[in-house]
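A.B. asks: Structure incoming, see below.
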Amino acid sequence: MREPARGSTGFWNSLRHGGVPSAIASIMGAPTAQHMAFIRSMMREQRRPEVLHTPLGELDVVVFDLETTGFAPQHGDEILSFGAVRIRGGVLLEEEEFYTVVQSKREVPKHITVLTGITQQMTEEAPTLLKGLHDFMSFVGGSVLVAHGSAHDRAFLNAALWRTSKVRLTHRLIDTMMLARWIEPTRAGYGLDVLLESRGIPIYGRHHALEDAKMTAHLWCSYLKDMQSKNIETLGDLYARLSHV
């Protein structure tokens with residue numbers, strides 16, 4: 001659907017403000033239209049400046065991971081699954097987790113099935129990408145996001161958000177790989193497995209989005225102590241320090 005010229009209809013303006021005209025909702029299907037409206041509303045006002053003054057140990061954080069069909073969303077690769085866990089007050093809340101496989105328009109490559117365990121049949125029987133995004137963003141809420149090697153995840157999230165809802169990710173996002181480069185600058189490598197081993201964090205279920213998110217969450221909690229020892233107290237302090245890495 002091509003975006004209408006400014007002022008010609010209230011459709012896109014309505015979506016930007018979280019509403020959907022009843023006629024459009026009936027055409028698209030009410031659940032689909034509501035998912036779009038919710039996602040668009042989630043992208044507003046996520047970068048509240050007061051969050052920068054929040055002590056790191058008090059942040060409400062969601063650590064997440066994605067499994068995808070490849071590495072190039074600009075060439076048609078797509079998200080296959082979302083996994084996420086919540087950390088509040090520096091404590092991983094084991095009971096608060098999110099996981100879903102989603103439909104993909106691109107066939108799941110055999111080597112990706114071997115790596116992730118996600119089969120073509122699983123994606124065909126899964127919720128739509130829009131439904132998966134809606135449920136993921138509902139779980140995230142206004143939390144700060146954390147991921148390892150976040151450029152990959154951000155690119156795929158942005159591609160999916162734009163394709164389904166014509167928005168971009170506005171949440172604050174911290175990369176544990178960047179943290180590791182700052183905290184341990186002399187390391188030979190910064191892959192997730194190497195860093196987990198260095199911190200004594202058990203490795204299990206690699207390349208499953210939820211399990212990777214859990215292990216990254218333990219890594220984040222480990223780095224909280226390092227940051228405090230380096231007088232990094234707030235999210236603003238951390239951003240200022242990482243800007244020089």
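A.B. asks: Of all residues being crowded, with 18+ Cβ neighbours inside 10 Å and among the basic types (Lys, Arg) in region 146-192, which is nearest to residue 243 (Cα to Cα)? Just the residue, please.
C.D. replies: By that ranking, first place goes to 172.
A.B. asks: Tell me, yes or no, whether region 111-119 has at least one residue that is in contact with a helix residue (DSSP H, G or I) (Cβ under 6 Å, 6 or more places away or on another chain), closer than 27 Å to residue 220 by Cβ and in the same structural domain as residue 75 (by TED's automatic domain parsing).
C.D. replies: Taking region 111-119 and keeping what is in contact with a helix residue (DSSP H, G or I) (Cβ under 6 Å, 6 or more places away or on another chain), we get 119.
Subsequent filtering for residues that are closer than 27 Å to residue 220 by Cβ retains none.
Among the residues of region 111-119, not one is in contact with a helix residue (DSSP H, G or I) (Cβ under 6 Å, 6 or more places away or on another chain), closer than 27 Å to residue 220 by Cβ and in the same structural domain as residue 75 (by TED's automatic domain parsing), which makes the answer no.
A.B. asks: Tally the residues that are touching a Phe, Trp or Tyr at 6+ places or on another chain (Cβ under 8 Å) and either surrounded by fewer than 22 Cβ atoms within 10 Å (Cβ to Cβ) or at positive phi (or both), restricting the search to region 193-233.
C.D. replies: Residues in region 193-233 being touching a Phe, Trp or Tyr at 6+ places or on another chain (Cβ under 8 Å) and either surrounded by fewer than 22 Cβ atoms within 10 Å (Cβ to Cβ) or at positive phi (or both): 2 in total.
A.B. asks: Would you be able to tell me the number of residues in region 52-106 that are in a helix (DSSP H, G or I) and exposed (fewer than 13 other Cβ atoms within 10 Å of the Cβ)?
C.D. replies: 4
A.B. asks: Of everything in region 79-96, what is of a type outside the set (A, V, I, L, M, F, W, C), under 19 Å from residue 133 (Cα atoms) and touching a helix residue (DSSP H, G or I) at 6+ places or on another chain (Cβ under 6 Å)? Give them in sequence order.
C.D. replies: Matches in region 79-96: 81, 83.
A.B. asks: Is region 169-188 home to any residue that is under 24 Å from residue 39 (Cβ atoms) and of a type in the set (Lys, Arg)?
C.D. replies: There is at least one residue in region 169-188 that is under 24 Å from residue 39 (Cβ atoms) and of a type in the set (Lys, Arg).
A.B. asks: State the number of residues belonging to region 205-245 that are modelled with pLDDT of 95 or more and among the aromatic types (Phe, Trp, Tyr).
C.D. replies: 2
The values are calculated or read from the model by the stated rules, or taken from the named source; none is laboratory data. Computed from a prediction, not measured in an experiment: that's the story for all the values here. Here the Cβ is made from the backbone with ideal geometry for all residues, glycine too, and neighbour counts use every protein chain on show.
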